[in-house]
Amino acid sequence: MNLKSTATILVGYQNDYFATDGILRGVIEEVNRVDQTLAATLSLLKSAAETEMTIVSTPIILTPDYLALAESQGILGTIRDSGAFRAGTTGAHTIPEIRASAVTPKPANGGHLKTGQ
């Protein structure tokens with residue numbers, strides 16, 4: 001794999017899901033799996049920081065009327081009904097652990113992470 005031409009895309013690493021007080025935390029059956037996912041992601045970011053790989057983090061941000069999820073059921077219905085990922089809320093922000101990993105391109109190797117928020 002050529003890391004210079006490789007990108008990893010992180011979607012939805014937001015407070016509503018990953019924060020210990022996130023509003024979706026209560027609907028997750030196996031909370032420890034969320035913690036394990038975060039730990040593995042942070043390990044990946046640490047390793048990738050020394051490479052030329054590009055990492056992009058993008059949040060899921062929904063309008064206050066949740067029009068995009070109007071007919072949704074399952075987890076998407078739960079997101080709508082709980083008010084998760086709503087634009088302008090702290091819950092929609094990228095978690096601090098991911099934002100702390102955001103760096104600008106490094107002159108030595110070009111690797112970087114970009115966050116949507």
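The values are calculated or read from the model by the stated rules, or taken from the named source; none is laboratory data. As the structure is a prediction and not an experimental result, all values here were calculated from the model. In this analysis, Cβ positions are derived from the backbone assuming ideal geometry, glycine residues included, and neighbour counts consider all displayed protein chains.
What number of residues within segment 64-81 satisfy the criterion of being surrounded by 12 or more Cβ atoms within 10 Å (Cβ to Cβ) and not aliphatic (A, V, I, L, M)?
Qualifying residue count, segment 64-81: 6.
In segment 50-67, which residues are acidic (Asp, Glu) and touching a helix residue (DSSP H, G or I) at 6+ places or on another chain (Cβ under 8 Å)?
First, the residues of segment 50-67 that are acidic (Asp, Glu): 50, 52, 65.
The answer is Glu52, and nothing else.
Where residues in segment 1-56 are surrounded by 13 or more Cβ atoms within 10 Å (Cβ to Cβ) and free of Cβ contacts under 8 Å to residues at least 24 places away in the same chain, which of them is farthest from Ile75 (Cα to Cα)? Lay out the reasoning, then the answer.
Initially, segment 1-56 is screened for residues surrounded by 13 or more Cβ atoms within 10 Å (Cβ to Cβ), giving 3, 6, 8, 10, 12-19, 22-25, 27-28, 34, 37-38, 41-42, 44-45, 48-49, 51-56.
With free of Cβ contacts under 8 Å to residues at least 24 places away in the same chain added as a condition, the list becomes 25, 28, 34, 37.
Working: Arg25: 12, Ile28: 10, Val34: 15, Thr37: 18 Å.
Once the filter is applied, the top-ranked residue is Thr37.
It is to be established whether one or more residues within segment 44-62 are closer than 24 Å to Ala87 by Cα, outside any loop (DSSP other than H, G, I, E, B) and in contact with a Pro (Cβ under 7 Å, 6 or more places away or on another chain). Talk me through it step by step, then tell me what you get.
Keep residues of segment 44-62 that are closer than 24 Å to Ala87 by Cα, which gives 55-62.
Now restrict to residues that are outside any loop (DSSP other than H, G, I, E, B): 55-58, 62.
So of that shortlist, the ones also in contact with a Pro (Cβ under 7 Å, 6 or more places away or on another chain) come out as none.
No, there is no match, as no residue in segment 44-62 is closer than 24 Å to Ala87 by Cα, outside any loop (DSSP other than H, G, I, E, B) and in contact with a Pro (Cβ under 7 Å, 6 or more places away or on another chain).
Could you tell me whether Gly26 is over 15 Å from the mean Cα position of the chain (by Cα), among the small types (Gly, Ala, Ser) and over 16 Å from Arg99 (Cα atoms)?
Criteria met by Gly26.
Quickly run through segment 68-87 and pick out the residues that are in a loop (DSSP other than H, G, I, E, B), in contact with a helix residue (DSSP H, G or I) (Cβ under 9 Å, 6 or more places away or on another chain) and either under 17 Å from Asp16 (Cα atoms) or in contact (Cβ under 8 Å) with a residue 12 or more places away in the chain (or both).
Gly83, Ala84, Phe85 - these are the residues of segment 68-87 that are in a loop (DSSP other than H, G, I, E, B), in contact with a helix residue (DSSP H, G or I) (Cβ under 9 Å, 6 or more places away or on another chain) and either under 17 Å from Asp16 (Cα atoms) or in contact (Cβ under 8 Å) with a residue 12 or more places away in the chain (or both).
If you take the residues in segment 82-100 that are over 9 Å from Asn15 (Cα atoms) and within 12 Å of the chain's Cα centre (by Cα), which one is surrounded by the most Cβ atoms within 10 Å (Cβ to Cβ)?
Checked segment 82-100; the qualifying residue surrounded by the most Cβ atoms within 10 Å (Cβ to Cβ) is Ile98.
Of (1) outside any loop (DSSP other than H, G, I, E, B); (2) under 16 Å from Thr8 (Cβ atoms); (3) modelled with pLDDT under 90, Gly26 satisfies all except one. Which?
(2)
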